[in-house]
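Laboratory data are not the source of any read-out in this text; all were calculated from the coordinates shown. The structure displayed is predicted, hence computed values, not measured ones. Positions of Cβ are backbone-derived with ideal geometry, glycine not excepted, and every protein chain shown enters the neighbour counts.
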Amino acid sequence: MREYLRNVYSRRIDGRHRVWAGRWWEHPEAVIRLDALWRSWEHLRHDAATGMSVWWRDHADHHIAVPMDSDGPFAEATDGEENLSKRGAPLPYVAPPAGMLPDERERADATDLDAAN
């Protein structure tokens, strides 16, 4: 979320037409959707031919639109600055508490090292 998605999926978030929560990690449905989105990206990015197109069409556009909907999991997010963004700006982001969401890349690297030994 911090490094990639919020920067490439920039949208104007005004709290009326589209909603977002900078503290996305406080919303269980959003956490599950964003985790699924990340896992699908990790899988499809290796397909040089159509992987990214499939990811955008079948995964990103769907799983981002649901939380942004005015009836979605972010519907109760306040209109505070941490939940709003201007057109072209990255999606709002507040870092989750330390240790809440471990970096899966580090876990995968450790697993690869264990398997090699």
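Tabulated data for the structure shown
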{"quantity": "Mean Cβ neighbour count within 10 Å, used as a protection proxy, ranking 27-33, 17-23 highest first", "calculated": "17-23, 27-33"}
{"quantity": "The stretch 5-116: relative contact order as a whole-number percent, Cα under 8 Å and 6+ apart", "calculated": "45 percent"}
